[in-house]
Structure formats: C-alpha cells, structure tokens
Amino acid sequence: MASIGTTTAAAPTARRNPGFTRTRLLDVAEVRWALAATAFFLLGLTAQLVGAPVWLFWALYLACYVTGGWEPALEGLRALREKTLDVDLLMIVAALGAAAIGQIFDGALLIVIFATSGALEAVLTRRTADSIRSLLDLAPETAVILDAAGVEARVDAADLRCGDIVVVRPGERISGEGAIVDGSSDIDQSSITGEAIPVFKSVGNDVFAGTINGTGALRVRIDVDPSETVIARIVAMVEHASATKAKKQLFIEKVEQYYSKTVVVSTAAIFAIPMLLGSELQPALLRAMTFMIVASPCAVVLATMPPLLAAMATAGRHGVLVKSAVVMEQLRTIEVVAFDKTGTLTEGTPQVERVDAFTGFSENDVLTLAAAAEMGSEHPIGTAIVDYSRSRGLQVPTATAFESTPGVGVRATVDGDVVTVSKPEAEPKALPSECLSRAECETSAERTAAERESGGMTAVIVRVGGEAIGVIALADTVRSNLAATIRELERVTGSSAVLLTGDNPRAAHAVAERVGIVDVRAGLLPEDKAEAVRELQGDDGRRV
C-alpha cells in the first residue's frame, strides 16, 4: 500500500482489452521456451559427459541457443535500433563468442540462466495481471438498462452513463454505482467494505458496483461514471502498486546501460590492443571472448527478481500472499502494521456466538425453531443458524409457507406455528400471556438484542406466534492465536498495530478488543484505507 497512487483508470474497458490476453500468452510462451532451453542444455551436457559424438552435443547446445536466445536477441536488436545497448544483446554476444572459441557449454549455460530469469519474471507479471483480472471480475461485463419507453436493453457495463436506470435482479452483481430508485434488498458489500453481513438498502440508498444483490429486485440510477467507480479505483491502485519495482531492481536497471557499454568497450580494447601490438588473431579473440563471458551479467540478472520470487513463494506456502516485489523487499524495514478486518483478522463469515432463551424455552428450542424457519434462506445469517444447529446435533423440523422480506427477516410455519426470525424492531411485538406489564414485554427482547449489538455482534429475535422466545447473536469469528501474533508484530516493529476496516465501528472495536488492537479506524472505503496508510506514513515516511 505504500506505493499506491491516486491515478484513475477506466477499469471496465480493460476487461475487453486484448492486451491482457496477449501478455498472458507471451508469458506462457516465455516459460515454455525457457523450459525447452533447459531441457536441450541438460541433454547436451549428458551427451558430452557420456562421450557422445561432438556433433551431437553441439547440436543439442545449439538448440538450447535457439530456444532460449531468440527472444533476448530480438529484444537486443530492437534496443540497438533505438541506439541503446542493453543486457539482452550483451548476453547473446557473450554466448556466441563462447561458441566461437569452442566453449559452447559456457555459452549454453549463459543462455539457460538468462532465459530462466526472464521466465521467472514473466511468472510474476502474469500473477499480477491475474490479480487485476480478478478485481475486474467483481463487476459484471454487461448491464440491463431501461430506455425512455421502459423497454429493457442489455449493454456493456463500460458504456453506462450517468442517469441510466439499471435493472438488478435477485442474486445478480450490481453493474454500476448510483442510488436505488425502486425496490429494496439486502446487499452483500463484503467485496468493497468488508462487512460480513449483507446491508439492507432501499430507495434513496447508494450502492456500489460489484456488490451482490440479495432477494429483492432493484432499479438503480447510475450516478458515477464506470471509470470512477470504487472497483475502477481499486484496479488503478493495484496496477500502480504492482508496477512499482524494488529499489535494488531500479538501481540495477539504471546501471545496466553503463555496465553493458563498459563491457563492450573493454572487450573491444582487450581484442584490439594485443592485435596492434602484433598478437595473432586466435589468442586475442580468445582473451576477448573469455573476458566477455566472465563479465556477462548473469549474476546481475539473478540478483533481483528470482530471489524475490523465491521469498514470495516461501511466504505463500506459509499462508502469506505478497502482491509485489516492493512489498517483499521492504518487509524488513516495516515500522507500522495495518490490518484489514473481514477475512484477515476474522474468518469472513458470521457464526452464532450466543443464544438467549426467554422463560419457557431452552436454547435448543430457540435454535431448532429458528433453523427450521431459516432452512429456505440464502442469507448468511440464516446459513449460520442452520449450520450451528446441525453442529449441536439438533433435529430440525420441516417448515412450510416460507417467506423472506429483505431488510426484515424470514417467516415460516413450523408444526402449525408461525415462526419469525427478524432484526430488532423489524415487526410489532406481541404480549406474552405471562408478562407483568406492557413495557416489560415489549422491551425485553429488544434490550437483549441491543446489548448484544453493542458488543459488536449482529442480533436477531426469534418469535413464535408473535411472541419473542429468544435472541440469537452472531459475529464474524476471530482467527485463532491472533492476539499473540499481533503482540509479536508490535514487538518487532516497535509500534502499535492499526485496524482499517469498512465495517461498522461497533463490530470493528469488538474484534480489535479481542485481538489487542487499540488504534481502530472503521467505516472506510478502499481509497479511505489508502489515505489512512499515507497518514500513518506521515512526513517522516514511516514504513507501513
């Protein structure tokens, strides 16, 4: 995040850019050519060691030259046409020089080293392109709009314009950013804000492109150009960050021109000076080519990207995804660690944390009836209640007459009784027969739900025939052993950890308290998180 900029890109159009496909095909081809060159080299070496005819291992080594050297040679010639001398051409000349003096093994080895380094860098480039493509996939490629006559038409999402009315059906991803003008639904915003629980949205509320509509049908007025949506800005930030190179790599690229020219001039001098002093051609050429082989920059080529890639692969095997070489290089200098919440500190899915049962009912009664009513629901809360009930070995009866109301909850008939599972204050409260006063009856369930939500959980009230029988509280589960990990990070960096999340402040503070984080910044969009990182860096440029 330290290298994230504010450049805006028209992300939706990038999806249709054939450059992505061409780059991917070129990367795959580069890896295949490198593998072929390595295979020919190993075959040639084997043939040479077992005493095969000279023509055989020379032919295999020459095949290594062709498969591993044609692309660097082409790039070098292109650079030469532009009056620059780069390391590609230098390596090829060194390899050809080695063959000219009979040291074809050394030349083939240079080719293999160089081709392998290029292939490894191509793999990293492909991974970066894949990560950007996965972000693009968050937003649908097409959208259904209503024309002036109210007729639906499907268009490219990139062609949406402010003022267009987009139709979003249940379960679809929202194709544009704007305000709801008709309908209501629970919107899964986890890809943008990190909230594990869908958020109820109705007329007048804003929605983000790439978020998932729940069970309601929506009509959304586009208020934001496709190139300015949150998803587009995220893609632009990732592209900018991924294109940033490690300082050592930038340094090596800077000196590459000077190094290549120095080697060429020195090689020419080593060849020319003895010739002027009367040396024979073959010894002078041998000395010059030997120098060029020794001075060839294979060690320089392998000094940056391959070690970084190896470190990134090792981190990946231990569950740490590193998005760029810059991040890998700067890890040792980190002074402040900032965490996201959902899916990072937490598992990313809600789970039942507590069940409060009222007079005459047990926890199992509340869970059984709630699970029966939620059996037909696709909402994460319903799924969590059903899974938790099954994990406790409860026998869940079959419900009928299932109804789901976005932003409210579900209703179903279980064993002849109407069971509802709803958010607090989502429906009128009935009076249980044993209540002593109306105030007591109406506030007990709401009070319990409010207490649970004040602790950062999401609460639903379970009712049978309109009578509240219990409250189920859910929360996004914190990963195990996280508190100890954060304490160790704070010890290593010498600074307190920070939580940056798009979730609501109550949920954020509840998680932060459990893992030992004091500095909490909640309700942030992705660009707000980037700005928060810049604030943490401060004027002194702290590593975050």
(request) Collect the residues in segment 26-71 that are closer than 20 Å to ALA98 by Cβ and either in contact with a Phe, Trp or Tyr (Cβ under 6 Å, 6 or more places away or on another chain) or basic (Lys, Arg) (or both), keeping them in residue-number order. (result) GLY44, ALA47, GLN48, LEU60, ALA63, CYS64, THR67
(message) So if I check each of LEU35, LEU43, LEU56, LEU25, which one is surrounded by fewer than 16 Cβ atoms within 10 Å (Cβ to Cβ), hydrophobic (A, V, I, L, M, F, W, C) and either modelled with pLDDT under 80 or in contact with a Cys (Cβ under 9 Å, 6 or more places away or on another chain) (or both)?
(response) LEU25
(message) Test of understanding: among ALA63, ALA94, which residue is surrounded by fewer than 20 Cβ atoms within 10 Å (Cβ to Cβ), in the same structural domain as VAL294 (by TED's automatic domain parsing) and not β-branched (Val, Ile, Thr)?
(response) ALA63
(request) Any chance you could count how many residues in segment 339-350 are assigned to a strand (DSSP E or B) and buried (at least 18 other Cβ atoms within 10 Å of the Cβ)? (result) 3
(message) So in segment 460-494, with the set limited to residues that are at pLDDT 90 or above, under 36 Å from the mean Cα position of the chain (by Cα) and among the basic types (Lys, Arg), which one is nearest to PRO505 (Cα to Cα)?
(response) ARG487
(message) For segment 198-227: of the residues being of a type outside the set (Gly, Ala, Ser) and in contact with a helix residue (DSSP H, G or I) (Cβ under 8 Å, 6 or more places away or on another chain), which is nearest to VAL410 (Cα to Cα)?
(response) PRO198
(message) I'm told VAL300 meets every condition in (1) assigned to a helix (DSSP H, G or I); (2) under 27 Å from ALA530 (Cα atoms); (3) at pLDDT below 75 except one. Can you identify the failing condition by its number?
(response) (2)
(request) Could you grab me the full set of residues in segment 494-525 that are surrounded by fewer than 20 Cβ atoms within 10 Å (Cβ to Cβ), in contact with a helix residue (DSSP H, G or I) (Cβ under 8 Å, 6 or more places away or on another chain) and in a helix (DSSP H, G or I)? (result) ARG506, ARG514
(request) Return the residue satisfying two criteria in turn: it lies in segment 361-388 and is hydroxyl-bearing (Ser, Thr, Tyr) and assigned to a helix (DSSP H, G or I), and of such residues it is modelled with the lowest pLDDT. (result) THR383
(message) Where the second residue is of a type in the set (A, V, I, L, M) and the first is part of a helix (DSSP H, G or I) and lies in segment 530-544, which pairs have Cβ atoms under 6 Å and are six or more apart or on separate chains?
(response) ALA530/ILE4; ALA532/LEU500; VAL533/MET1; VAL533/VAL544; LEU536/VAL336; LEU536/VAL544; GLN537/VAL544
(request) Having 1 or more residues that are modelled with pLDDT under 80 and not charged (D, E, K, R) is the bar; report the strands (runs of 3 or more DSSP E) wholly within segment 152-255 that clear it. (result) none
(message) Looking at VAL336, VAL410, VAL419, can you tell me which residue is at pLDDT 90 or above, part of a strand (DSSP E or B) and either assigned by TED's automatic domain parsing to the domain that holds PRO170 or surrounded by 20 or more Cβ atoms within 10 Å (Cβ to Cβ) (or both)?
(response) VAL419
(message) Please go through (1) modelled with pLDDT under 75; (2) in a loop (DSSP other than H, G, I, E, B) for ILE132 and return the number of the only condition it doesn't satisfy.
(response) (2)
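The values are calculated or read from the model by the stated rules, or taken from the named source; none is laboratory data. The shown structure was predicted, so the numbers you read here are calculated from the model rather than taken from an experiment. Glycine gets a Cβ as well: all are built from the backbone with ideal geometry, and neighbour counts include every protein chain shown.
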